[in-house]
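Below you will find the structure I want to go over with you.
The values are calculated or read from the model by the stated rules, or taken from the named source; none is laboratory data. If you're wondering where the values come from, they're calculated on a predicted model, not measured in any experiment. Because the Cβ atoms are built from the backbone with ideal geometry, glycine has one as well, and the counts that use them run over all protein chains shown.
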Amino acid sequence: MKSSRSSPKRSGKNSSEEVTAFDLFYQLTYMSATAAAGLPRGRLFELASRVDTPAARYFQEINELIDKMRYSSPEACRMVGEHVKSEDLHTFLLRLSDALRSGEPLPPFLAREAEVQGDHYVNAYERDLQSLSKWNDGYTSVSVSVALIVIINMVSTMIYPISRIAMGGMILTAVVIGFALAWVVSRAAPPEVYSIPWKQGSKQQRLSQKLAALFLPITMALTLALAMLHMPMSWLFILAAFPLVPLGISCMIAESRLPRKGAEISAFFRSLGGTATSRGTTLGDALSSIKIDSFPALEADIRRLSLRLRAGAKPGSCWRLFGQETGSLLVSQAARVFYEATNLGGDPEVSGVLCSLFASKTALLRAKRGGVAATFTMLTLVMHGVISALMVFILEILRRFTIMLQAAMDTLQSDPATAQQGMSAMAFNLPQMGFLEQLTVGLLLVLALISSYAIVASEGTNILKISFYLFVMLFMNGIAFLIIPALLVNVL
């Protein structure tokens, strides 16, 4: 069963030089589960080199040193470990070398190392969550500051003329700062991926991928067409937002199912492993005897797995499809460890417990992240709504002020006797309303994009989920342009 790497942050680095705490936790969980099957050292290193994590490359090097260069296992582990840049993997390989040299049995050693690495992963994750929470607060503060910069510049045009270049430069600086802080939020978040590639994932994920290919071009084309037709800004935002509704809702449904499946998979493997061991049956027979309605989020996936096994399909393919069709990377990884360890002759109960510990720790940490991200999401959405309403309010005030000021100037010009005195007393500048309206619309659109990206980065969800938050923020912009001017008509 194939699995994806756990971190999206390795694309700019050599993956062989960066092994995260989660990568090593998964690697050691796999090795401890397969070692419990009583495999010889050579076979264990061979299987460890096939795990799809950055750490697997080093076990491949160890295996090559043993097979081709005729090094002993302890010397091969020490030689590779001395050149590893990851501190955690470096110290583990050195400890593994000492354990092999002393003759310590590998199953208890690897089980202990997996447990220790799990605790280290928990601590590192919680530190990242604290950092993410602080940067989330920083992003909201900077977003408010960006809006204030724009509002101050807009009001300043009433007092004295500001060149378009100077005003555009200040706005560009504010936008760049917003983008930079959103990027920092993405880097401060714990490095992980919740789902497998959506083209290979669950039915809902595959549907979302198809909707993205359809509705994203429609949204861009519709927005461009409405702008060329000089559609009022209120309806431009609203109509441009609606093509994102099907995609956004589909992505929300697809992502909302992953945490529940990740939370249930731990209990599922404990129950299945314990049943198989106590009854002395195969995994397929044990699966048929447990009550799958105890796992509501996984019920449909477990039922398909059971039907395939009873139909005589290859067990390896059945378990691979089970992990793939759940759409959850955590479920896919845990299912691979459980099936391969059991298939190699390991005790299903032991394998189930090891996989359960791996899945439960990861699921609990992701639940904590979900709480932090949910607070940030609601705060960002509310903040964007307030900012859009305030900016439209200021823009409308400036428009009405310009109309009144122009009318006053026309009146003064019709009376030459008082024109010179009145014009000298009127120390106001006529704002360039066309430029200010373009500036406001452009900034609200950019802020919606930045905030949507920051929310998704904080959640750690698929990038396509931006469509849902972008729809909400564009709709808020349209409502602000639709309602605020109408309210001011009744007030002023």
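Using the structure shown, decide if ALA182 is more than 27 Å from ALA457 (Cβ to Cβ) and within 29 Å of the chain's Cα centre (by Cα).
Working: more than 27 Å from ALA457 (Cβ to Cβ): no; within 29 Å of the chain's Cα centre (by Cα): yes.
Taking the combined requirement at face value, the residue does not satisfy it.
Yes/no matrix, rows are residues, columns are (1) surrounded by fewer than 17 Cβ atoms within 10 Å (Cβ to Cβ); (2) part of a helix (DSSP H, G or I); (3) at pLDDT below 90; (4) of a type in the set (Val, Ile, Thr):
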| residue | (1), (2), (3), (4) |
| --- | --- |
| ARG320 | no, yes, no, no |
| GLY323 | no, yes, no, no |
| VAL337 | no, yes, no, yes |
| GLU340 | no, yes, no, no |
| GLY352 | no, yes, no, no |
| PHE358 | no, yes, no, no |
| LYS361 | no, yes, no, no |
| GLY371 | yes, yes, no, no |
| MET391 | no, yes, yes, no |
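Still on this structure: I'd like to know if the range 219-226 contains one or more residues that are assigned to a helix (DSSP H, G or I) and closer than 26 Å to ALA367 by Cα.
no
Here's a follow-up. I'm told PRO431 meets every condition in (1) at pLDDT below 80; (2) part of a helix (DSSP H, G or I); (3) under 45 Å from the mean Cα position of the chain (by Cα) except one. Can you identify the failing condition by its number?
Going through (1) at pLDDT below 80; (2) part of a helix (DSSP H, G or I); (3) under 45 Å from the mean Cα position of the chain (by Cα) one by one, PRO431 breaks only (2).
Restricting to the range 194-224, name every residue that is out of contact with any Phe, Trp or Tyr (no Cβ under 6 Å at 6 or more places or on another chain), farther than 30 Å from GLY442 by Cα and not charged (D, E, K, R).
Within the range 194-224, TYR194, SER195, ILE196, PRO197, TRP198, GLN200, GLY201, SER202, GLN204, LEU207 qualify.
Applying the selection to the range 160-219, what residues are aromatic (Phe, Trp, Tyr) and touching a Ser or Thr at 6+ places or on another chain (Cβ under 7 Å)? Even if it seems obvious, please write down each step before you answer.
The initial filter retains those residues of the range 160-219 that are aromatic (Phe, Trp, Tyr), namely 160, 179, 183, 194, 198, 215.
Correct list: TYR194, TRP198.
Something else: Just for the range 62-87: of the residues that are surrounded by fewer than 19 Cβ atoms within 10 Å (Cβ to Cβ) and either of a type in the set (S, T, N, Q) or assigned to a helix (DSSP H, G or I) (or both), which one is modelled with the lowest pLDDT? Spell out the reasoning first.
Of the residues in the range 62-87, the ones surrounded by fewer than 19 Cβ atoms within 10 Å (Cβ to Cβ) are 64, 67-72, 74-75, 79, 82-83, 85, 87.
Filter once more, keeping what is either of a type in the set (S, T, N, Q) or assigned to a helix (DSSP H, G or I) (or both): 64, 67, 72, 74-75, 79, 87.
On the way: GLU64: 89, ASP67: 84, SER72: 89, PRO74: 90, GLU75: 92, MET79: 92, GLU87: 89.
Filtering first and then ranking leaves ASP67.
Is at least one residue of the range 298-306 of a type in the set (A, V, I, L, M), under 28 Å from the mean Cα position of the chain (by Cα) and not in a helix (DSSP H, G or I)?
Narrowing the range 298-306 to residues of a type in the set (A, V, I, L, M): 298, 300, 302, 305.
Next, from what is left, pick out any that are under 28 Å from the mean Cα position of the chain (by Cα): 298, 300, 302.
Checking which are not in a helix (DSSP H, G or I) leaves us with 298.
Yes; the residues of the range 298-306 include at least one that is of a type in the set (A, V, I, L, M), under 28 Å from the mean Cα position of the chain (by Cα) and not in a helix (DSSP H, G or I).
Further question: Just to verify a result, which residue in the range 256-265, among those that are touching a helix residue (DSSP H, G or I) at 6+ places or on another chain (Cβ under 7 Å) and surrounded by 24 or more Cβ atoms within 10 Å (Cβ to Cβ), is nearest to ASP347 (Cα to Cα)?
For the range 256-265, the residue satisfying everything is ILE265.
Let me confirm something: among SER234, SER256, which residue is under 29 Å from LEU365 (Cβ atoms) and polar (S, T, N, Q)?
Values: SER234 fails: under 29 Å from LEU365 (Cβ atoms).
None of the others qualify; the one that does is SER256.
Which of (1) under 29 Å from THR362 (Cα atoms); (2) buried (at least 19 other Cβ atoms within 10 Å of the Cβ); (3) hydrophobic (A, V, I, L, M, F, W, C); (4) touching a residue at least 24 places away in the same chain (Cβ under 8 Å) does ALA124 not meet, given it meets every other one?
Looking at each condition in turn, ALA124 falls short on (2).
List pairs: first residue in the range 227-253 and at negative phi, second residue in a helix (DSSP H, G or I) and among the charged types (D, E, K, R) anywhere in the structure, Cβ distance under 6 angstrom, at least six positions apart or on different chains.
CYS251/LYS465
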